[in-house]
Structures are given as structure tokens and as C-alpha cells.
Amino acid sequence: MCTNELLHEKFVELDAFIDGLEEKEGSLITVLHKTQELFGYLPKEIQLHVARKLDIPAAKVNGVVTFYSYFTETPRGEFIINVCMGTACFVRGAEELLKEIQDKLKIKAGQTSTDGKFSIDALRCVGACGLAPVVMVNGKVYGRVKKEQLDDILATCVSENA
Ligand code: FES
């Protein structure tokens, strides 16, 4: 299936999801979750589509997208590396871990590598303080992480998904 057909199918699925909602007003966040799940991110043209379907101003959609850090307007990598920067992790060296990961992948937190493989995010407490410092890759939790383990963690997540 070519990219355009794939994209078209995603729009069809999104429209069916929106049409199936009992009440559209007040469903913006639910719709944006579904949209990001389908497309991987929320660029302006897709936000506009959502605004038209829900019959609300595009600025309102953009306001929600930019307010919640979960939503993103740029494509995310295949592997999303979350470094917890909450207090417990911070005092146990999370800042150094983050710097090391940024140096290894040559991108900053909030960015995606040019090959589309990795994105890095710095998060607040992820609720696993006993395991501080914590790094998550696509939701998989790595605890008491040391700088020396980072190469292995990155290599493992890539090979497990190969
Ligand atoms: S501060 Fe990192 S898990 Fe709580």
C-alpha cells in the first residue's frame, strides 16, 4: 500500500471515530489522543481536519495540542527515550544520564534524530522513584541506570524490535 493510501485510510478511520462519538463537543482531547495514535503526531493540517470535523476553531485545537506536553506537532522517533528528571532521579544523576544520551544521539530533549529512530524526552516523576534514576524506552522501564549501561539499553531496544 502506498503512503497516500495509508494516509487516506487513517483519515477514514479518524472520521469514523469522530462520527461515532455520541457527543462531539467536549470530545476534543479524546479525538486528539485517537488522532495522535493513528498518525503518530499532530501537524497543523491534521489539526485543521479535526477542527473542521468537530466544528470548532482551529486555534482551540492548537491551544490544546500545545498546552499538553503529551501531544506533539513534530514526528516522533521509532524509539522514545524518556529520562525521568523528577527529584529522586535528579539527585541520583538523571541530569548526567540525559546529557550522555543527548551526546550519544546528537539530539536534545524534545528532538528526534534525523533518521527518525530516536526521540528524547525529559519527564517529571514517572512513579518509580525507588528505582531512581529511571529511563524508559517505549514505555519499558530501566531502573538504577548507570551511564555505562546506556549503550546496552539502546542496542537492546533496537534489536528487540528488529
Ligand atoms: S523521580 Fe524519577 S521516578 Fe520518581
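When each of LEU14, LEU28 is tested for being under 23 Å from GLY77 (Cβ atoms), in contact with a helix residue (DSSP H, G or I) (Cβ under 7 Å, 6 or more places away or on another chain) and free of Cβ contacts under 8 Å to residues at least 40 places away in the same chain, the lone residue that passes is LEU14. Restricting LYS117, LYS106, LYS99, LYS147 to residues that are on the phi > 0 side of the Ramachandran plot and away from the ligand (no atom under 16 Å from the Cβ) narrows the list to LYS106.
Scanning the range 123-151 for residues that are surrounded by 18 or more Cβ atoms within 10 Å (Cβ to Cβ), closer than 9 Å to CYS84 by Cα and aliphatic (A, V, I, L, M) turns up VAL126, ALA132, VAL134, VAL135, MET136.
Taken together, the criteria place HIS8 among residues that are modelled with pLDDT under 95 and out of contact with any strand residue (DSSP E or B) (no Cβ under 7 Å at 6 or more places or on another chain).
Identification of strands (runs of 3 or more DSSP E) wholly contained in the range 53-162 with 1 or more residues that are at pLDDT 90 or above and farther than 21 Å from GLU37 by Cα yields 79-84, 135-137, 140-142.
The values are calculated or read from the model by the stated rules, or taken from the named source; none is laboratory data. For clarity, every value in this text was computed on a predicted model and none was experimentally measured. As a convention, Cβ positions derive from the backbone with ideal geometry for all residues, glycine included, and neighbour counts pool all protein chains shown.
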